[in-house]
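Just below is one structure, and these are the notes that go with it.
The values are calculated or read from the model by the stated rules, or taken from the named source; none is laboratory data. All values reported here derive from a predicted model rather than from experimental measurement. Reconstructed Cβ throughout: ideal geometry from the backbone, glycine too, with neighbour counts over all protein chains shown. Quick note on the areas: whole protein, heavy atoms, side chains included, nothing else; ligands and nucleic acids left out. Shrake-Rupley method; radii C 1.70, N 1.55, O 1.52, S 1.80 Å.
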Protein chains: 2
Amino acid sequence: MVGRKPERKSAPPTDVRAHVLASATRLFAARGFDGTSLQAIADEVGVAKPSVLHHFPSKEALRASVLDNMLAHWSEALPRLLLAATAGEGRFDALVGELISFFAADTDRAKLLVREAMDRPDEVRLLLTAQVRPWQTAISEYIRKGQRHDEHFADVDAEAYVLHVINLVIAGLAVFDTFRVLLPDASVAESRARYVTEIIRIAKSSLFAGPALSAEPRDPSLEGAPNRRNGTTR
Amino acid sequence: MVGRKPERKSAPPTDVRAHVLASATRLFAARGFDGTSLQAIADEVGVAKPSVLHHFPSKEALRASVLDNMLAHWSEALPRLLLAATAGEGRFDALVGELISFFAADTDRAKLLVREAMDRPDEVRLLLTAQVRPWQTAISEYIRKGQRHDEHFADVDAEAYVLHVINLVIAGLAVFDTFRVLLPDASVAESRARYVTEIIRIAKSSLFAGPALSAEPRDPSLEGAPNRRNGTTR
DNA sequence: CCTACCGATCGGTAGG
DNA sequence: CCTACCGATCGGTAGG
């Protein structure tokens with residue numbers, strides 16, 4: 001009945017498609033797919049609803065594009081991750097660190113993945129099998145090699161371990177905005193630093209056998225790595 | 001326009017309120033609050049939509065009741081958990097084991113909590129502060145005591161550690177139905193056993209210092225506990 | 001990129 | 001517990 005206000009946004013009036021994609025990503029992550037109307041997206045971008053459907057044939061297509069877009073960013077980050085995984089000493093730290101960096105850079109990525117896992121299990125199962133399983137297998141074999149050399153705990157279930165580390169990072173960052181009330185530091189950045197540092201510590205100390213970590217530091221050269229031990233006793 | 005089929009269900013025709021609550025719990029967990037219509041709930045129960053709204057004044061009230069109902073079950077499980085936490089040797093195993101039991105008994109509980117954390121951060125923040133923070137504080141103090149006796153790693157961030165264990169259990173079980181494709185065991189029960197056993201192992205071995213776990217078992221009496229080490233080398 | 005509009009479905013109400 | 005119905009909003013289309 002009532003006409004919608006044109007309401008120009010601060011962003012350039014061109015590039016509507018990219019703007020729609022960005023708004024949809026934010027809103028799907030925050031409220032979920034079913035909790036987000038095309039009208040809400042159109043309002044944020046500052047266009048009429050049919051304009052959204054000009055760039056994406058349907059709401060379902062928009063959802064697929066949002067996911068594709070995130071996976072494209074992941075492919076972009078892959079080379080850095082591969083490089084980290086092959087570096088000498090701090091391989092493990094660097095690998096987990098890169099994983100965390102990707103999802104910490106934009107927690108919408110983590111939220112979208114967790115929502116998809118719950119809303120569209122079949123779709124995500126296919127995605128996991130195609131995109132994650134090769135990594136899981138490779139890392140698991142690396143872990144078993146370490147187990148034969150007594151570097152890793154003998155009772156680690158390699159495949160399950162990899163899953164739980166992935167879950168720690170992704171689900172952990174997906175709910176961080178909510179859970180951070182239980183880490184009431186001075187700044188959000190500070191509590192997030194604590195949060196991710198502890199993820200890395202848990203992942204590492206539940207894998208590496210050898211001398212107790214608190215007794216003798218394994219390698220002083222790791223101190224400069226993005227994830228340092230700082231013995232928080234609070 | 002068209003009339004809805006009455007379509008009796010196998011469950012007794014009385015007890016409609018409980019039936020609505022059960023259906024709503026299942027559907028909210030599986031499809032989310034916004035993805036579930038009152039009509040879908042009514043259809044499952046086998047009543048007309050207004051009958052649902054006779055038992056619950058609004059959809060929002062139904063959501064609150066679903067959450068309340070779950071928290072009531074939690075309160076029911078608390079005594080067993082408290083008992084486990086004060087038992088002698090296997091305290092830690094028993095505590096984490098009870099936490100897992102509660103959410104493994106019905107993964108809808110985990111899914112609902114994860115969905116609420118993402119959909120209603122403010123509400124869940126209040127819930128965390130009131131219901132979880134006291135536990136987090138108590139367990140953190142216990143951990144710091146252990147740290148002073150060199151039983152626990154010195155670099156554990158107690159508060160963050162507790163959060164991550166909670167996240168491992170709850171988010172882990174919330175996405176298990178989807179993630180289990182990456183643990184392709186003979187039966188679902190088998191892969192879930194592997195999955196939760198590894199959660200307990202990660203939680204434990206990232207906390208307890210002392211002799212390497214794979215070297216000398218801490219206490220043979222733990223073997224009978226619901227969570228046993230079985231050195232999965234696959 | 002817009003206005004104008006479609007049928008379907010949403011949560012909820014009236015009234016019995 | 002039902003039928004009948006409400007206004008609002010949903011995703012999507014027509015047509016320019």
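The set of residues from the stretch A:169-188 being buried (at least 18 other Cβ atoms within 10 Å of the Cβ) and among the small types (Gly, Ala, Ser) comprises A:ALA171, A:GLY172, A:ALA174. Tally time: how many residues in the stretch A:193-207 are in contact (Cβ under 8 Å) with a residue 60 or more places away in the chain and open to solvent by 10 Å² or more (accessible area, probe 1.4 Å)? Final tally of qualifying residues: 3. The set of residues from the stretch A:31-64 being outside any helix (DSSP H, G or I) and open to solvent by less than 20 Å² (accessible area, probe 1.4 Å) comprises A:GLY32, A:THR36, A:PHE56.
Taken over the stretch A:123-167, the residue count meeting the criterion of being open to solvent by 70 Å² or more (accessible area, probe 1.4 Å), over 18 Å from A:GLU98 (Cβ atoms) and in a helix (DSSP H, G or I) is 5. Contact annotation: residue pairs with Cβ atoms under 7 Å, 6 or more positions apart or on different chains, pairing a residue in the stretch B:170-181 that is within 7 Å of chain A (Cβ to nearest Cβ) with a partner that is open to solvent by 10 Å² or more (accessible area, probe 1.4 Å) and of a type in the set (D, E, K, R), are B:ALA174/B:LYS111; B:THR178/A:ARG125; B:VAL181/A:ARG125.
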